[in-house]
Each structure stands twice: as structure tokens, then as C-alpha cells.
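The structure appears right after this line, and notes come after that.
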Amino acid sequence: MAKERWALILGASSGFGAACSRALADAGFNIFGAHFDLKTTLPRALAVKADVEAKGRKAIFFNKNVADDRNRAEIIAKIQEYFQSVGGGSIECVLHSVAFGNLKPFIADKPDDAVDRKAMEMTIDVMANSLVYWTQDLVRAGLLVRGTKVFSMTSSGSHRVILGYGPVSAAKAALESHTRQLALELAPKGISVNTFQAGVTDTPAFRMIPGHERVKEHIMQLHPDGRMTQPEDVAQTLVALMDPRVQWMTGTVIRVDGGEDNV
């Protein structure tokens, strides 16, 4: 009997997480999907789960805030329980695609209109630091093994400025730093850690950015190929990199933007 292949997608219900879940299912992976959706957006997660199962794969989804320590512990325990029930297993692919942060400017005439300490720290903790905590606990649980590949999602905001994007920009810069450090410390275990820098993509998270319509119009005019990046562009790149022959790449920012960041 062939060994089951499993991926863990943090932020599986929309955007990059949803596209990668579907693409990995096409490539033979079963999906552990973690997401945080209320009643209005829950159908998105259910649709992804249904699509994975329609491809003949298993889909075990958890509707929990993945930035919460207790939730992380519960999800990892459930994954361990599943593998124990089937006689063992590990996670070959992890995608951290968690997009939740404050989008207020640093400077505003009214204090309430500017980002404060709590919001700044929350943004960096959710979008960057949580990658470290998840990776730590997954390694300690024995769920990541030699050959496992960990990915996250950064953006050009890590080194470019956009009004209202300051807290998220700081989180993306921290995420890239965390990627390099995790890659260094996990190299002896044969676990790679990389981050995708997607081009501007029309996702639910993008639509939350102040002035996103102007950004979209600007990219459409500026981009060498005249289109925005799509979640599927990242998903297909991730699937290609899951080829077991691709082993000697870690600690890098992988640009999937069609050349957007060059112009």
C-alpha cells in the first residue's frame, strides 16, 4: 500500500491557501487544512474541502484561529492522533498563508486613526511569528521529517512602502528573517524553509488594503505581461517544488510575480 502524502495548509479557505490545497490534491496530496471562518465566509472553506475530496483525497479541516497557542496545540494533537490511527505518517509540505493584520497608517491626526502598540504587535505575531511557533511545535511532535518542505507567503511590501501597509510590511520583513533563521537551524534535519513573494494578487486579503483598487489599476498598467498574479501561479510553483528531486534550496525568497518587482 502506497504511503499517504499529506500537506498542512494554514489559511486554507481562500486566496493562496485555497489554490494550493486544490493544486496539491491534484498532485496526490491529502490536506490538513486550518482556517478561521465565521458563518458568512465558512462556505469558502467547505468548498475547498469538497473540492479536495472530489479529487479522491482526504481533507481534514479545522476551523480555528491558527495564531492561538491552544488552538495550535489542539490541531497538532489531532494530526498526531490521525497518524497513530493509520499506523504512522508525516507532513511533507507546510504552507503558512495567514493574512490578518492591521492596515492603519503610522501617522494620523487622530490617535485612534493610527496603528497602536497592540495592533502592531498582533500583526507581526499573526503574520510572521506564528510561522516560528508552528514550525517549532511540528518538529517537536515529530511531524516534520527529512525531506519536508515549509513555505510561507511574503510580498514586495517587505521592501516597498504602501500607504496603510506599514504594520503588514513590517510583518513581511520579519517573516523573511524568520525564514532564513529557520532554514539555517533546520538544515541539519533535512527540512527546507522558503517563502513565496507573490505579485499583487486579487485575494480577499488584498481587498482589505486601503486604496487597493488604485494599486490594482497601477499593476495592470505597469506589469510586463499586463495582468495580476493569480493564486494558481503560486500553487503550481509550489507543486513543482514538491518534486522530491528538488532538495537543495532553503532560506530563500521565491518570487512568483512575472517580473512585477523589477519595474
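Some notes on this structure:
- Taking every alpha-carbon pair in the stretch 127-213 and binning the separations at 10 Å intervals from zero gives 16, 45, 25, 13, 1 percent.
- Filter on K49/K149; K110/K172; K55/K189; K3/K189 - keep pairs with C-alpha separation over 28 Å: K55/K189
- Among 176-183, 155-162, 196-203, 113-120, the peptide with the highest mean count of other Cβ atoms within 10 Å heads the list, and the full ranking is 196-203, 176-183, 155-162, 113-120.
- Gain on full stretching of the segment that runs from N71 to R245 - 0.36 nm per residue minus C-alpha separation: 59.2 nm
- Compactness of the stretch 107-171 is given as radius of gyration and Dmax, 15.8, 52 Å, from Cα positions.
- Order by protection proxy (mean Cβ within 10 Å, highest first), peptides 222-229, 164-171: 164-171, 222-229
- All Cα-Cα distances of the stretch 9-62, cut into 10 Å bins from zero to the largest, leave 30, 60, 10, 0 percent in each bin in turn.
- Using a probe of 1.4 Å on the protein chains alone, the accessible area found for E185 is around 120 Å².
- Taking only alpha carbon atoms, the stretch 36-101 gives an Rg to Rh ratio of 0.97, where Rh is the Kirkwood radius.
- Value of Rg to Rh for the stretch 1-116, rounded to two decimals, is 1.10; Kirkwood radius and Rg both from alpha-carbon coordinates.
- Packing-based ranking, highest mean first, of 238-251, 95-108 given that Cβ atoms within 10 Å are counted: 95-108, 238-251
- Rounded FRET efficiency, nearest 0.05, which uses the C-beta distance separating K78 from D112 and R0 of 51 Å: 0.80
- Per-residue HN-Hα couplings for the stretch 120-135 [Karplus 6.51, -1.76, 1.60; θ = phi - 60°; Hz; x = Gly/Pro]: 4, 5, 4, 4, 5, 5, 5, 8, 10, 4, 4, 4, 5, 5, 5, 5
- Annotation: the chain has a Kirkwood hydrodynamic radius of 18.8 angstrom, from the mean reciprocal C-alpha pair distance.
- Dividing the radius of gyration of the alpha carbons in the stretch 41-182 by their Kirkwood radius gives 1.03 for Rg/Rh.
- Here each label is just a point 7 Å from Cα along the line to Cβ, and for H159 and Q181 those points are 2.0 nm apart.
- Rounded to 5, percent antiparallel among DSSP beta bridges of the chain: 0 percent
- Computed E for A141/T40 - FRET, C-beta separation, R0 25 angstrom, nearest 0.05: 0.15
The values are calculated or read from the model by the stated rules, or taken from the named source; none is laboratory data. Quick caveat: nothing in here was measured; it's all calculated off a predicted structure. When we count neighbours, we look across all protein chains shown, and the Cβ atoms used for this are built from the backbone with ideal geometry, even at glycine. These accessible areas exclude ligands, DNA and RNA; they are computed on the full protein's heavy atoms, side chains included. Shrake-Rupley method; radii C 1.70, N 1.55, O 1.52, S 1.80 Å.
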